[in-house]
Amino acid sequence: MNSLFSIKPEKNLIFHKEGIYQVSELQLTNQSQNYGAFKIKTNNSENYIIKPSIGVIGPGNNIKIDIRIIPSKQRSNDKIQVQGGIIMQQDDPINYFKSQQKFISLVLKCQQDGENSMISSVQSMKSTNSNTISSRINEPQDISQQIQQLSNEIKSIKESRSGNQFKTYAIIILISFLFGAFIAYR
């Protein structure tokens, strides 16, 4: 990012699964003799947690920025923008970015771990309880193979879900029966 900051990674942020989140880390190093203000933005801000998203880095210092995707919210065209500029030590970085017209900017592409540029995402089968089932195909080879793989995934999900619904209904009936017996017994 010119001579103010060095950024790692330089082009693509690779996200990996950590708990319920997809997580990545960005490292900014101030290479100048001045204080540097930074601001991290995204084109899909409601679906990302970025800490810290704005701040100041002293000369020669670095900072690690934690970036998390809220589960099932990443879009394939998400990007992270890193903005930066020289700031006085006592200045507020929020006001700096509000008032400053010119600053350095770099855009990084968001990518999931192991993701190829040709990954397809399919969201389908909205059920009555609003669950969305997503299938992901890695390294697509042939469209007919992709369709067959998706069909098999959807079939297995339908089968597992219908078994779970039966179990849920059976538990509800059992609880209702026990509750009724308890009230009748009293």
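We did not get these values from a lab; they are worked out from the coordinates using the rules stated. Bear in mind the structure is a predicted one, so any value in this text is a computation, not a measurement.
Remarks
- Taking θ as phi - 60° and the Karplus parameters 6.51, -1.76 and 1.60, the scalar couplings of the range 13-26 work out to 8, 9, 9, 10, 6, 9, x, 8, 9, 9, 10, 9, 10, 10 Hz in sequence order, x denoting glycine and proline.
- A simple rule links phi to the HN-Hα coupling: the Karplus curve 6.51 cos²θ - 1.76 cosθ + 1.60 with θ = phi - 60°, which for the range 85-90 gives x, 6, 9, 6, 3, 7 Hz, with x for Gly and Pro.
- Karplus 3J(HN,Hα) series, Hz, for the range 30-35 with 6.51 cos²θ - 1.76 cosθ + 1.60 (x for Gly, Pro): 7, 8, 9, 8, 10, 6
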